[in-house]
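Contents: one structure, followed by commentary.
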Amino acid sequence: MNSSNKRKYILPGLLYVATFAVVFILNHFSLLTADDFIYHFFYDGPSVTEHTRPFHSIFDIFASQYNHYFMWNGRILAHSFVQIMMQFPKGVFDVVNTFVFLGLLILIKQIVQTLTKEKLPIFLEFLIAIALWFFLPLPGTTIYWISGAGNYLWMSIFYLSFMLFGLKNLEKNNSAWIIIGAIVLGFLAGTSSENSGPSVVIMLVLFGAYYLRSFKKIKIWHILGIIFSMLGSLLIILSPASQGRGDKNTILLLMIKFIDILKLIKHNSMPLMITFAVVVILALIVKVLDKKDYMNLAILFIGFLASLFSLMLSPVGPLEVISGSYRAFFGPYVFMIIMMAYMLYRVYQRSNVFKLNSVKWVITALSLIVFAVSFSRAYSDIHSDYAIQTNNVKKIESAKADGKKEVTIKILPNFENAGKTNQYNSINYTANTLEDPGSWMNVWMAKYYGIKSISGTFK
């Protein structure tokens with residue numbers, strides 16, 4: 001096989017296989033936690049009641065999510081996938097979720113290629129994969145946790161697919177398939193996320209204004225895509241449950257949330273911000289960006305800002321500096337990775353920075369060394385909890401087999417009770433069992449495993 005085919009098939013294949021293996025391994029050892037137990041059942045509220053029951057059929061999903069929309073929040077698309085996955089053995093999710101992660105990698109690559117109108121070299125695709133590993137927020141709860149993956153990783157596929165669809169077809173005329181695609185993808189993108197879905201619409205409108213530059217070039221599918229995306233966004237944002245359990249946004253609360261966003265960035269994201277700044281400075285120093293590049297990047301940056309600071313408008317608040325709210329940075333940080341990939345490609349294409357293979361090999365080697373250390377720590381932390389969890393399940397099953405109605409299991413160490421901070425472990429940043437058998441997590445676990453009562457112990 002010649003070097004051209006090697007670059008075209010073998011190296012990308014190795015990258016995807018390696019990425020698949022990494023994500024699948026961590027997925028496999030990340031067991032059920034927190035909300036996962038709730039979404040196994042037909043949704044009739046956040047607490048176990050006498051009416052709480054398993055699904056009778058997959059079609060229960062519609063009535064279940066109807067309840068969810070009016071009782072908890074409007075993320076019916078995300079939680080539909082979560083509930084569907086919770087009807088199958090965990091291994092099914094492990095495989096499907098790993099392919100979804102590969103889909104995210106490929107969509108980012110395709111969006112950058114569409115904007116630059118060039119094919120990305122495998123070296124930059126490798127750097128995208130590395131960036132996804134290091135820079136996505138709380139990957140344990142946005143990628144490897146079923147409930148979190150459904151809300152963040154899986155939803156990114158919808159709004160990025162709409163973004164890619166809009167960019168690829170921007171100057172094409174109306175056709176039945178394009179109109180259908182705009183309506184379906186637009187609506188799904190709108191319902192995918194309160195912040196990132198609408199931000200994609202903003203970017204597509206700006207890209208359209210820049211590239212079309214005439215009202216005469218606007219097509220029916222452009223308008224329909226925007227309208228249906230807005231309808232999807234309104235559906236998720238105006239959920240009675242979300243509005244009902246939120247706080248009214250005052251000027252003071254908005255200012256507090258703005259400061260909280262900056263705190264979240266400072267506390268969690270300085271490596272990403274420094275890397276982004278380095279890439280920007282590099283692109284400016286070597287002078288590889290033209291007018292169109294600046295415009296593309298400006299639009300992407302506007303989308304990033306809109307996606308990030310629209311979190312201020314959330315009915316909940318103030319934002320959590322440590323955990324929950326940071327998960328919503330998933331979309332904004334995906335947009336940052338797209339911007340970095342775009343700029344690095346221009347540096348790769350139009351300068352001599354990456355002309356020497358030795359430079360690329362040094363960057364690749366250093367990236368792999370740092371990744372290996374990070375992966376080793378993540379695997380160790382996740383696997384230690386996996387051992388405790390599997391032992392806990394054995395205790396529960398043994399108690400049931402012996403006819404016991406109560407069982408005591410070991411409480412998992414996490415951020416709150418042990419100060420654990422590894423962000424790849426979903427256990428560290430989700431609810432845990434407590435000593436009190438009446439705590440919500442204990443009650444849901446008992447319901448899931450079919451035993452009357454579960455207590456926790458640190459011994």
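One residue alone among Ile128, Ile122 is more than 11 Å from the chain's Cα centre (by Cα) and surrounded by fewer than 20 Cβ atoms within 10 Å (Cβ to Cβ), and that residue is Ile122.
When you scan region 389-401, how many residues do you find that are open to solvent by less than 30 Å² (accessible area, probe 1.4 Å), under 23 Å from Asn428 (Cβ atoms) and without any contact (Cβ under 8 Å) to a residue 60 or more places away in the chain? Spell out how you get there, then give the answer.
Let us first name the residues in region 389-401 that are open to solvent by less than 30 Å² (accessible area, probe 1.4 Å), namely 389, 392, 396, 399.
Subsequent filtering for residues that are under 23 Å from Asn428 (Cβ atoms) retains 389, 392, 396.
With without any contact (Cβ under 8 Å) to a residue 60 or more places away in the chain added as a condition, the list becomes 392, 396.
The total comes to 2.
Evaluating Asp35 against the criteria (1) within 23 Å of the chain's Cα centre (by Cα); (2) open to solvent by less than 10 Å² (accessible area, probe 1.4 Å) leaves one unmet condition, (2).
Yes or no: region 402-413 includes at least one residue that is over 30 Å from Phe134 (Cα atoms), acidic (Asp, Glu) and surrounded by 14 or more Cβ atoms within 10 Å (Cβ to Cβ). Before the answer, list the steps.
Let us first name the residues in region 402-413 that are over 30 Å from Phe134 (Cα atoms), namely 402-410.
Restricting the remaining residues to those that are acidic (Asp, Glu) gives 402, 406.
Add one more test, that the residue is surrounded by 14 or more Cβ atoms within 10 Å (Cβ to Cβ), and what stays is none.
Looking through region 402-413, none of the residues is over 30 Å from Phe134 (Cα atoms), acidic (Asp, Glu) and surrounded by 14 or more Cβ atoms within 10 Å (Cβ to Cβ).
With respect to Ala298, determine if the residue is free of Cβ contacts under 8 Å to residues at least 60 places away in the same chain, closer than 30 Å to Asn428 by Cβ and surrounded by fewer than 19 Cβ atoms within 10 Å (Cβ to Cβ).
Working: free of Cβ contacts under 8 Å to residues at least 60 places away in the same chain: yes; closer than 30 Å to Asn428 by Cβ: no; surrounded by fewer than 19 Cβ atoms within 10 Å (Cβ to Cβ): yes.
Against the criterion (free of Cβ contacts under 8 Å to residues at least 60 places away in the same chain, closer than 30 Å to Asn428 by Cβ and surrounded by fewer than 19 Cβ atoms within 10 Å (Cβ to Cβ)), Ala298 does not qualify.
Rundown of residues vs (1) basic (Lys, Arg); (2) open to solvent by 70 Å² or more (accessible area, probe 1.4 Å); (3) at pLDDT below 95; (4) touching a Lys or Arg at 6+ places or on another chain (Cβ under 7 Å), yes/no style:
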residue: Asn5; (1), (2), (3), (4): no, no, yes, no
residue: Gly13; (1), (2), (3), (4): no, no, yes, no
residue: Val17; (1), (2), (3), (4): no, yes, no, no
residue: Glu50; (1), (2), (3), (4): no, yes, yes, no
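Only one of the numbered conditions (1) more than 19 Å from Ser147 (Cβ to Cβ); (2) among the hydrophobic types (A, V, I, L, M, F, W, C); (3) in a loop (DSSP other than H, G, I, E, B) is violated by Ile396, and that is (3). I want to confirm something. Restricting to region 422-439 and keeping residues that are farther than 13 Å from Thr33 by Cβ and either basic (Lys, Arg) or touching a residue at least 60 places away in the same chain (Cβ under 8 Å) (or both), which single residue is surrounded by the fewest Cβ atoms within 10 Å (Cβ to Cβ)? Selected residue: Asn422. Restricting attention to region 153-174, the residues that are touching a Phe, Trp or Tyr at 6+ places or on another chain (Cβ under 8 Å) and either free of Cβ contacts under 8 Å to residues at least 24 places away in the same chain or open to solvent by less than 30 Å² (accessible area, probe 1.4 Å) (or both) total 7.
Answer yes or no as to whether Ile108 is among the aliphatic types (A, V, I, L, M), assigned to a helix (DSSP H, G or I) and either under 10 Å from the mean Cα position of the chain (by Cα) or within 30 Å of Tyr379 (Cβ to Cβ) (or both).
Values: among the aliphatic types (A, V, I, L, M): yes; assigned to a helix (DSSP H, G or I): yes; either under 10 Å from the mean Cα position of the chain (by Cα) or within 30 Å of Tyr379 (Cβ to Cβ) (or both): yes.
It is true that Ile108 is among the aliphatic types (A, V, I, L, M), assigned to a helix (DSSP H, G or I) and either under 10 Å from the mean Cα position of the chain (by Cα) or within 30 Å of Tyr379 (Cβ to Cβ) (or both).
Just name the residue that is surrounded by the fewest Cβ atoms within 10 Å (Cβ to Cβ) out of those in region 58-103 that are under 15 Å from the mean Cα position of the chain (by Cα) and among the polar types (S, T, N, Q). Taking the candidates together, the pick is Thr98. Checked against (1) in contact (Cβ under 8 Å) with a residue 24 or more places away in the chain; (2) in a loop (DSSP other than H, G, I, E, B), His68 passes all but condition (2).
The values are calculated or read from the model by the stated rules, or taken from the named source; none is laboratory data. None of the values given here were measured: they were computed from a predicted structure. Positions of Cβ are generated from backbone atoms using ideal geometry, with glycine treated the same way; all protein chains shown enter the neighbour counts. These area figures cover heavy atoms from the full protein model, side chains too; ligands, DNA and RNA do not enter into them. Shrake-Rupley method; radii C 1.70, N 1.55, O 1.52, S 1.80 Å.
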